[in-house]
Amino acid sequence: MANFARAWILLIFLVPATVLAEEQDIVIDIVGGIEGATPIAVVPFAYDGQDIGDEVQIAQIISTNLARSGRFDLLPEQDMVAEPSRLEQVQFATWRALGMDYLVLGNIRSAGDERVEVRFELLDVFRGQRSEGRRFQASQANLRLVAHTISDLIYENITGIEGAYNTRIAYVAVDDAENREERKYRLVVADSDGHGGQTILSSSEPLLSPAWSPNRDRIAYVSFEGRRSEIFVQDIATGERERVASFRGINSAPSWSPDGERIAVTLSRDGAANIYLIDLDSGEVTALTDHWAIDTEATWSPDGESLYFTSDRGGRPQIYRMDSDGGNIERVTFEGNYNARPSISPDGEKLAMVHQRDGDFYIAIKDLESETLQVVSDGPADESPSFAPNGEMVIFTAGGREGTKLSTASTLGQAVIPLTPTERDNTRVREPAW
């Protein structure tokens, strides 16, 4: 698989990277759903004399967000028999007849000084009462942020699980060109639904493996510079970056410790590719594995007590676990001949991975307690899974005949959502991190 093999790739002729900022939106296409999902209707919000155009439709953003989790069955707008904007306008019997469990409604009005007030209510249709309601004031430019915040409130109220819509993702965008020298690699940070993308780094040479720091203010990544791979840590707000690994051979696959003080990396400075720890304050480097095989793609458990990593020490790539000091190495995956690129859920109970089946590559999730494995993507060339902060979804790169694109999948399975950049037809996206 490309991610595992990429540890051995050496590229040359790096052009110095620069910090850029530009908008990039993502188009969402809902595919599939979950049997038994909660029926809910999100009514278009009323606009009380406030024209904000068609670019930000709060109800549509909320609907799309909720659908991404796979936990909700959204009523199509064309099937709505009424469009109330306040509790007192609701005929609950009508919505019960449509089979709805919950109803979301609201309105937007001017608050002066180019600001708007957004009010929403979450109604329990069966009980005929309000479950949640809030008012927000924001500029028009921040209406998407308000929609994501409302989505989080709805999600937590109904499921009891904290939402993850008001979060960010990072990924690598590759702007292809007929002439390789004109190809651009960009590190992009965007909202969880792919909108509002900003390029925080641009280079003429490959960028790989972005990884968020625990407090989400920095990103570690691999950049090819001086005819070799190097690992950098970049401050998102300022664009300042620091080179943290530039050893002979391979420097790849950074992964932050939960306390943000260390980074696990793959280095080949002593010959074989092994996993090391780098203390970010002192720069001290400690070897965790010492094996002739390729050990790479380490990821920390949430408690910091162990790491999961990919190794072909058994002949084919599989996922292993070890203590944070390198001890007690044990194999974790046994399903099939290829499992790689581990990502651990925030609760430490699930492991996402790239799983090979019948020659194709899928995203699969393994329950570490029951040891059951579930394929959650469509294939045939999917890679780079990363859990949402609440563990309810996984973002990954979906590959197929039409090229690569970002997608999310519910950990429940069946709800797969492709995300495709619209402003560049020649852009490929890969290696997402949530």
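Pop a pseudo-label 7 angstrom from the Cα along the beta-carbon direction at both Glu182 and Arg248 and give the gap in nm to one decimal.
Roughly 4.0 nm, to one decimal.
Compare Ala264, Ala37, Ala190 in a GNM of the chain, Cα atoms joined below 10 Å, and give the one with the largest fluctuation.
Top of the fluctuation ranking is Ala37.
Counting only protein heavy atoms and using a 1.4 Å probe, what share of the accessible area of segment 246-393 belongs to carbon plus sulfur, as a whole percent?
Reported share for carbon and sulfur atoms: 40 percent.
Count neighbours as other Cβ atoms within 10 Å of each site's Cβ, and list the trypsin sites (Lys or Arg not before Pro) in segment 306-406 that are DSSP loop with at most 15 such neighbours.
Arg401
With a Förster radius of 22 Å, plug the Cβ-Cβ distance of Gln137 and Tyr47 into 1/(1 + (r/R0)^6) and report the FRET value to the nearest 0.05.
Efficiency, rounded to the nearest 0.05: 0.90.
Can you give the accessible area per residue of the chain, in Å², using a 1.4 Å probe?
On a per-residue basis, 43 Å².
Find the relative contact order for the chain and round it to a whole percent, using C-alpha pairs within less than 8 Å whose residues are 6+ positions apart.
15
With only Lys, Arg, Asp and Glu charged, each at its Cβ (+1 for the first two, -1 for the last two), find how big the charge dipole of the chain is about the Cα centre; round to the nearest 20 debye.
Value, rounded to 20: 460 debye.
Given the -39500 (n - 2.57) contribution per DSSP H run of 4+ residues, what per-residue ellipticity at 222 nm results for the chain, rounded to the nearest 500 deg cm²/dmol?
-2500 deg cm²/dmol
Under a GNM of the chain (C-alpha, springs under 10 Å), which listed residue has the highest mean-square fluctuation: Ser282, Ser410, Ser257?
Ser282
Roughly speaking, to the nearest percent, how much of segment 64-222's 1.4 Å accessible area is carbon and sulfur?
39
Cα axis of helix 143-159 to longest principal axis of the chain: angle in degrees, 0 to 90, nearest 10?
Between the helix axis and the principal axis of the chain, the angle is about 90 degrees.
From the C-alpha gyration tensor of segment 264-342, pull out the three semi-axes of the equivalent ellipsoid (sqrt of 5λ each), sorted largest to smallest, in whole Å.
With the √(5λ) rule applied to segment 264-342, the semi-axes are 21, 15, 9 Å.
Compute the relative contact order of segment 319-358 as a whole-number percentage, counting only Cα pairs closer than 8 Å that sit 6 or more residues apart in sequence.
The value is 31 percent.
Mind checking the log10 I(q)/I(0) for the chain at q = 0.14 Å⁻¹? Debye, one equal scatterer per Cα, no solvent, two decimals.
-1.26
Most mobile of Leu208, Leu307, Leu105 per a Gaussian network model of the chain (Cα springs, under 10 Å)?
Comparing Leu208, Leu307, Leu105 in the GNM, the peak value goes to Leu105.
Suppose R0 equals 30 Å. What FRET efficiency, 1/(1 + (r/R0)^6) with r the Cβ-Cβ distance, do Ala97 and Glu117 give to the nearest 0.05?
For Ala97 and Glu117, the calculated efficiency is 0.40.
The values are calculated or read from the model by the stated rules, or taken from the named source; none is laboratory data. Here the structure is a predicted model, which means the values were calculated and not measured. Cβ: placed from backbone, ideal geometry, glycine included. Neighbour counts: every protein chain shown. To get the accessible areas, we keep the full protein, side chains included, count just its heavy atoms, and leave off ligands, DNA and RNA. Shrake-Rupley method; radii C 1.70, N 1.55, O 1.52, S 1.80 Å.
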